[in-house]
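Below is one structure, written out as structure tokens; the observations come after it.
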Amino acid sequence: MTQLSVKHLLGIKDLTEQDIKLIFETADNFKTIINRPIKKVPSLRDITVANLFFENSTRTRVSFELAQKRLSADIVNFSSSSSSVSKGETLIDTVKNILSMKVDMVVMRHPSPGASIFLSKHIDATIINAGDGTHEHPTQALLDAYSIKESLGEVAGKKVVIVGDILHSRVALSNIYCLQKLGAEIMVCGPSTLIPKYIEQLGVKVEHNLRKALEWCDVANMLRIQMERQDIKYFPSLREYSMQYGLTLPMLESIGKDITIMHPGPINRGVEITSEVADSDYSIILNQVENGVAIRMACMFLLASNQNS
């Protein structure tokens with residue numbers, strides 16, 4: 001297979017296993033390019049990409065921008081705080097105005113679940129979902145799975161635990177879909193107040209004891225507590241959360257086996273993970289950041305190829 005089965009990247013749910021493998025193979029090629037002295041290729045030279053961020057983002061935004069520059073795309077950046085959205089303009093009007101400037105591709109982060117799906121039904125440009133509310137964050141899941149494959153050789157048969165604020169996490173949902181499609185076993189771990197009621201229907205194990213989860217897994221993906229999405233208190237205090245679910249080096253070493261530690265960022269050091277763990281040999285957090293650029297280059301390149309076919 002040489003092209004994706006989808007026109008947009010709205011969520012992992014829409015991708016086939018073949019789509020994911022094609023993205024990984026393409027990312028392999030781009031990874032060799034971004035480690036060369038001359039890091040640019042002209043693959044998207046005639047493509048204009050609009051980055052629409054209606055929510056704060058540092059890593060995802062910088063990663064997408066870097067990927068676009070490496071592919072020689074023209075870039076339009078837009079943030080809602082400094083735009084007409086703050087004056088009451090609707091999402092669709094904002095995007096139509098940007099598209100009238102002849103934009104080919106839109107990378108969008110939005111606080112409302114389903115915003116990118118809504119947009120894909122109303123405009124002609126290719127849409128990439130860079131995170132929509134608590135729904136999905138497909139490129140993060142792709143780079144996470146790619147990082148596991150790179151670190152452990154394959155994803156199939158691996159046991160992955162996702163620890164923390166599962167309830168408010170778009171990363172958790174996208175990761176579950178992606179890793180299951182590639183044949184991994186998934187467990188979620190956290191306080192019962194932060195585990196969604198429906199989660200077991202996705203074929204996922206649930207564990208409330210961090211030590212038991214670590215004894216089970218090959219990979220632990222540590223999520224931060226998303227205070228900005230929480231309208232009520234889900235646990236007594238960050239200190240208490242950290243005592244129950246914070247990953248420390250002594251705990252990790254006491255398990256007696258190699259566990260690969262991941263984190264989608266931003267890290268709250270000393271809450272879900274200590275600095276000693278984040279900076280240890282167990283951690284592949286910086287590999288995830290590097291792989292993010294290659295994966296996003298691959299997604300944009302393949303979607304642009306679909307436009308031309």
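Here are the numbers for this structure:
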{"read-out": "Debye equation applied to the C-alpha atoms of the chain, log10 I(q)/I(0) at 0.15 Å⁻¹", "value": "-1.20"}
{"read-out": "Residue of Pro138, Pro113, Pro37 that the Gaussian network model of the chain assigns the largest fluctuation, springs spanning Cα pairs under 10 Å", "value": "Pro37"}
{"read-out": "Helix-derived mean residue ellipticity, 222 nm - over the chain, DSSP H n ≥ 4, -39500 (n - 2.57), to 500", "value": "-12000 deg cm²/dmol"}
{"read-out": "Label point distance in nm, Gln307-Asp46, each placed 7 Å from Cα along Cα→Cβ", "value": "1.1"}
{"read-out": "Helix runs (DSSP H) in the chain reaching 24 Å along axis by Cα, Kyte-Doolittle at least 0.5", "value": "285-308"}
{"read-out": "Segment 161-303: C-alpha gyration tensor shape, a/c 1.5 cut-off, then a/b vs b/c", "value": "rounded"}
{"read-out": "Separation in nanometres of the label points that stand 7 Å from Cα toward Cβ, at Arg239 and Asn287", "value": "3.7"}
{"read-out": "Segment 93-125-segment 241-273 distance, computed between alpha-carbon centres (Å)", "value": "38"}
{"read-out": "Cleavage-rule hits, trypsin sites (Lys or Arg not before Pro), segment 1-86, DSSP coil, Cβ neighbours within 10 Å at most 12", "value": "Arg45"}
{"read-out": "FRET efficiency, 1/(1 + (r/R0)^6) with R0 30 Å, evaluated for Asp124 and Met251 via beta carbons", "value": "0.05"}
{"read-out": "Integer Hz, Karplus 6.51/-1.76/1.60 couplings in order for segment 107-120, x for Gly and Pro", "value": "9, 10, 10, 8, x, 8, x, x, 4, 5, 5, 4, 5, 5"}
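Read the figures in this text as sums done on the coordinates, not as results from a lab. What you see is a predicted model; the values in this text were computed from it and never measured. Reconstructed Cβ throughout: ideal geometry from the backbone, glycine too, with neighbour counts over all protein chains shown.
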